[in-house]
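Each reported figure results from applying straightforward, stated rules to the coordinates on display, with no laboratory input. Here the structure is a predicted model, which is why all the values come from computation and not from measurement. Quick reminder, even Gly has a Cβ in these numbers, built from the backbone with ideal geometry, and neighbours come from all protein chains shown.
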Amino acid sequence: MTDITAESRGSGRNPVAPGAGRTVASAVPQSLVGRLARGVSADPGAERVQTRAPFTGEPLAELPRSTPEDVEQAFERARRAQRAWAETPVRQRAAVLLRFHDLLLKRQDEVLDLIQAETGKSRLHAFDEILATSMAARHYGRGAAGYLKERRRGGAVPVLTKTLEGRRPKGVIGHISPWNYPLELSVSDALPAFVAGNAVVNKPDTQTALTALWARELLIEAGLPADLWQLVIGDGPVLGPVVVEHADYVSFTGSTATGRDVARRAAARLVGASLELGGKNAMLVLADADLDRAAEGAVRACFSSAGQLCVSVERLFVHSSVAEAFLERFVARTRNMRLGSGLAYGADMGSLVSERQLETVTRHVEEAVKAGATVLTGGRARPDLGPLFFEPTVLDGVTAEMAVCAEETFGPVVSIYRFDTEEEAVTRANATSYGLNASVWTKDLRRARAVAARLRTGTVNVNEGYAAAYGSVASPMGGMGDSGLGRRHGAEGILRFTEAQTIAMQRLLPIAPAFGLSEEKWAALFTTGLKALKTLGAK
Ligand code: NAD
């Protein structure tokens, strides 16, 4: 055990960030809600669904609820619009993304207000979404023509066969997105789909639909034909299966349980799906790590968006020789994080998004404490700040039978584990069915790469928690094992929205006996030719 002082064992309270003077109601007026609601694919007289602001619990937006028939009509409209869009030159399609990039940076404050109002996250964490979304827009705006261009490939018979590999859009993408990063996760997967020539029918989480609707308006302003992005709103178990039923490909981000259901339905129709699912991500602090940087990094890795981040760290493995020194720094920083609900920069962490989230976080912490875990800091809700606030929490002494050990909490809770050898750290980090993200802290980059190569996760961040890999949008991002299938970002992030097509043009001679050659002679000639091709190094 460490000699963490009694004060750091949860007796201090996290300080409160100053308010911003603006209320959610003034930042998100009903006139704006009404305008955005017109972007929902639903009958104007549709039943309404109510969302609430997590910061205060007060009503935020009343939105039309799409029916399964609305979803079907959305697909029809999207399909009609997609035909013309697929004929539009790729550079013209890419220009829309680049204009969107500029508009987003210019008008970021509008959407930062919406993201904060809908999710309850701090402004800095909301800004993460501006970063990630604009990076994806720039990357695919600049890179799409290269990714999609027709490529010459070696033909069946050199000289006689000219072969081209092309990419065709899938058609209409069914895109189902969660509430935790409503801008980034609604838009960043849609952008490569659009630029590859597809239309999108998107079902965002109802709680964060305003952000997705705002982004749709902005993309239309940037030049996207309006019918190309259809937004449907309603319960996941009701509308989700209808989206999958009509899609030519499914892009899903959400929980592993829902992802399995989506995968089963897509498989039954023989359409592809990319699934970005949950994680139980590990951070490894090796003996030679810079402990101040690691402690700072751990705060970001564990508590960004109050831990409601798929790539955030929930298991922190520290080398025994530095555990005490690291924890002293990490716990002190965590305890000093300012909590707040201001619609302005200044708070280090905001609120959870929903009662369900608060219930899971509370249950994981309370069960662990009851079973013998120690709270080093945090460990309690903060109703004095808002109905869904929970302090950033560091747990020690967590054991295998506690839910918080293996299950995704998806909240501001991290457990500390000590290790003595790197071998042990890697084995324990890998001892999970998930495989999304990992973080390794050391001054020795060669060592970091060797450790990274043995971690079973789709991304590994060295001396950073998650942002280095997530922001490297030219490289693939996604999960192994229960964390998903397929990847966003990079070549895989756009090619998943295309079908490969091979066009092979045969010249002069058929690939069959010719010039009166007998079958035997033709086979012998071809055998000689095949040997020669291998000798000449042909692939
Ligand atoms: P969720 O699976 O409950 O919901 C995600 C989306 O799926 C929502 O739009 C929801 O309405 C819809 N949905 C619900 N039931 C459905 C069904 N039967 N068919 C089709 N769609 C359905 O997930 P959540 O709890 O809202 O989101 C949090 C989860 O998402 C966490 O597990 C988190 O790790 C994961 N996540 C993963 C990534 C990633 O990139 N890997 C990113 C963010 C969140």
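Values for this structure:
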{"item": "Packing rank of 296-305, 238-247, where each peptide gets the mean count of other beta carbons within 10 Å, highest leading", "result": "296-305, 238-247"}
{"item": "Spatial extent of the stretch 274-356: Rg and Dmax, with the Cα atoms as the point set, Å", "result": "14.4, 42"}
{"item": "Hits among aspartates and glutamates - C-alpha to C-alpha of K370 under 14 Å, sequence gap 8 or more where chains match", "result": "D396, E401"}
{"item": "Viscosity 0.692 mPa s, 37 °C: Kirkwood-radius Stokes-Einstein D of the chain over Cα pairs, µm²/s", "result": "132 µm²/s"}
{"item": "For the stretch 304-437, average projected area of the Cα convex hull in nm²", "result": "8.4 nm²"}
{"item": "The stretch 442-539 - Kirkwood radius from inverse mean 1/r over Cα pairs (Å)", "result": "18.7 Å"}
{"item": "For the stretch 370-489, share of DSSP beta bridges that run antiparallel, in % to the nearest 5", "result": "40 percent"}
{"item": "Charge context of S251, other residues only, Cβ under 9 angstrom, K/R +1, D/E -1", "result": "0"}
{"item": "On Cα atoms only, tilt of 355-370 relative to the major axis of the chain in degrees", "result": "60 degrees"}
{"item": "Residues K539, K280 arranged by fewest to most Cβ contacts within 10 Å", "result": "K539, K280"}
{"item": "Mean Cβ neighbour count within 10 Å, used as a protection proxy, ranking 528-536, 406-414, 479-487 highest first", "result": "406-414, 479-487, 528-536"}
{"item": "Per-q log10 I(q)/I(0), the stretch 23-180, q = 0.14, 0.15, 0.19 Å⁻¹ (Debye; single scatterer per alpha-carbon; no solvent)", "result": "-0.97, -1.07, -1.35"}
{"item": "DSSP beta bridges in the chain [antiparallel fraction, %, rounded to 5]", "result": "35 percent"}
{"item": "Cα-derived Rg to Rh of the stretch 146-194, Kirkwood definition", "result": "1.27"}
{"item": "Qualifying GluC sites (Glu not before Pro) in the stretch 147-186, DSSP loop, other Cβ atoms within 10 Å at most 14", "result": "E150"}
{"item": "Calculated P(r) of the stretch 94-218 - Cα pairs past 21 Å, %", "result": "45 percent"}
{"item": "C-alpha long axis of helix 320-335 to longest principal axis of the chain, angle in °", "result": "70 degrees"}
{"item": "0 to 90° range, to nearest 10: angle between helix 445-454 axis and the chain longest Cα axis", "result": "70 degrees"}
{"item": "Size descriptor, Kirkwood hydrodynamic radius, that averages inverse alpha-carbon separations across the stretch 397-449, Å", "result": "12.9 Å"}
{"item": "Dipole of the stretch 364-432, positive direction: furthest Cα of N430, T393, A406, with charges on the beta-carbon", "result": "T393"}
{"item": "Peptides 447-460, 209-222 ordered by average Cβ neighbours within 10 Å, highest first", "result": "209-222, 447-460"}
